[in-house]
Amino acid sequence: MDTPDIVTLAQARALGTSRRTLQNPRSERHLHGIYGPRHGERDAASLHRGLLGAMSWSALDVASHESAAFLWGFPDVEPPQDLHLLSIAGDRRRRVKGMTGRRGLVLPEETTMVDGIAVTTPSRTWLDLAHGSSEFRMVLWADWLFNPVWGGDWERPALSTPEQLRAVLERHRGKPGIRTARRAADRARVGSDSPRETALRLALVDHGLPEPAVNEWIVDPETGELLHKGDLTYEQYRITLEYEGRHHSEPEQVQRDISRHERLNRADWLELRFSALHARDDWRPAVRKTREALLSRGWTP
């Protein structure tokens with residue numbers, strides 16, 4: 001049948017496909033009123049996308065919450081078991097098994113399309129996730145929205161800005177989770193290249209240390225040469241913190257790291273390198289290491 005892979009009954013009728021055709025042995029019903037060709041194996045991600053595409057056809061619902069976060073690629077968000085939908089009209093709530101329907105104010109500027117699926121914008125999706133999410137997780141997601149290169153997609157543009165997060169917070173002042181979202185927005189920063197960088201920055205501040213700058217250039221004071229863009233830096237104390245992922249063990253990367261260290265050392269910058277071992281016990285090894293370095297460079301608590 002000349003229709004999308006997964007369709008609703010209403011969509012099938014509009015395309016000239018009968019209910020009888022949908023209900024033949026080569027098809028299967030996924031949810032109430034949603035059909036598609038029978039597959040021996042279909043991964044959870046492609047199935048979720050297909051179901052969202054079918055529900056998006058009516059222009060009455062938009063993918064939201066965990067479903068929207070999955071479509072945008074939020075870190076550590078897998079395709080949820082239920083479809084999470086938000087009624088654009090704001091006046092009805094779906095009660096169908098396999099769907100989590102919600103109603104609420106959805107402004108035109110808070111929806112867009114992703115691969116043909118109507119979905120809430122990244123900033124609105126972020127706010128919707130605040131109810132039931134920790135402040136830490138919300139900061140992590142905000143940092144990622146500002147710089148969604150985590151995982152190596154270095155060319156991907158920002159999905160949101162601090163100003164856009166502030167705007168969505170202002171539009172939905174009484175929304176559940178708004179206090180958590182506001183605290184997270186205050187702590188989010190532009191420029192983080194990985195979740196470990198964000199987690200380390202938050203741990204240092206939570207343990208009473210000054211907050212480092214995120215991915216700022218280190219400049220040679222003598223020549224004005226740009227030496228290195230540090231993961232986290234304390235310019236006043238000439239300290240840079242570098243979180244070393246697994247790729248730093250590759251031979252070419254090792255040589256680059258050695259060259260970087262030598263350049264920084266000549267400019268009297270102290271380089272602190274961290275790994276997963278420093279993340280143990282709520283980052284306490286990293287906090288101790290950073291505290292000692294700061295004290296050695298003249299910082300006073």
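Here residue 173 fulfils each of the conditions (1) more than 27 Å from residue 46 (Cα to Cα); (2) out of contact with any helix residue (DSSP H, G or I) (no Cβ under 7 Å at 6 or more places or on another chain); (3) modelled with pLDDT of 95 or more; (4) part of a loop (DSSP other than H, G, I, E, B) apart from (3). Contact map, region 73-93: residues that are within 30 Å of residue 152 (Cβ to Cβ) and of a type in the set (S, T, N, Q) paired with residues that are at pLDDT 85 or above and surrounded by fewer than 17 Cβ atoms within 10 Å (Cβ to Cβ), Cβ distance under 8 Å, separation 6+ or inter-chain. No pairs are found.
In region 260-283, the residues that are under 23 Å from residue 204 (Cα atoms) reach residues that are assigned to a helix (DSSP H, G or I) and of a type in the set (Val, Ile, Thr) with C-beta atoms within less than 9 angstrom, at least six apart or across chains, in these pairs: 272/290; 274/290; 278/287.
Checked across region 257-276, the condition of being at pLDDT 90 or above, surrounded by fewer than 13 Cβ atoms within 10 Å (Cβ to Cβ) and within 20 Å of residue 196 (Cα to Cα) holds for at least one residue. Residues being farther than 22 Å from residue 299 by Cβ, part of a helix (DSSP H, G or I) and open to solvent by 10 Å² or more (accessible area, probe 1.4 Å) are entirely absent from region 234-242.
Scanning region 131-151 for residues that are farther than 15 Å from residue 77 by Cα, assigned to a loop (DSSP other than H, G, I, E, B) and open to solvent by 40 Å² or more (accessible area, probe 1.4 Å) yields one hit, 131. Close contacts from region 154-181, counting a first residue that is under 16 Å from residue 69 (Cα atoms) and a second that is of a type in the set (A, V, I, L, M) and in a loop (DSSP other than H, G, I, E, B), with Cβ to Cβ under 6 Å and a gap of 6+ residues or different chains, come to 181/130. Counting just the residues of region 185-209 that are touching a residue at least 60 places away in the same chain (Cβ under 8 Å) and open to solvent by 40 Å² or more (accessible area, probe 1.4 Å), which one comes out farthest from residue 285 (Cα to Cα)? The selected residue is 195.
Quick grid of which residues meet (1) outside any helix (DSSP H, G or I); (2) at pLDDT 95 or above; (3) in contact with a helix residue (DSSP H, G or I) (Cβ under 6 Å, 6 or more places away or on another chain):
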site	(1), (2), (3)
160	yes, yes, yes
166	no, yes, no
179	no, yes, no
184	no, yes, yes
228	yes, no, yes
252	no, no, no
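In this structure, residue 226 does satisfy being free of Cβ contacts under 8 Å to residues at least 24 places away in the same chain and under 25 Å from residue 152 (Cα atoms). Residue count for region 214-226 under the criterion of being at pLDDT below 90 and either surrounded by 15 or more Cβ atoms within 10 Å (Cβ to Cβ) or charged (D, E, K, R) (or both): the result is 3.
The values are calculated or read from the model by the stated rules, or taken from the named source; none is laboratory data. In this text, all values refer to a predicted model and were calculated from it rather than measured experimentally. Counting neighbours? That spans all protein chains shown, and the Cβs are built from the backbone with ideal geometry, glycine included. For the accessible areas, the whole protein counts, side chains as well, though only heavy atoms, and no ligand, DNA or RNA atoms are used. Shrake-Rupley method; radii C 1.70, N 1.55, O 1.52, S 1.80 Å.
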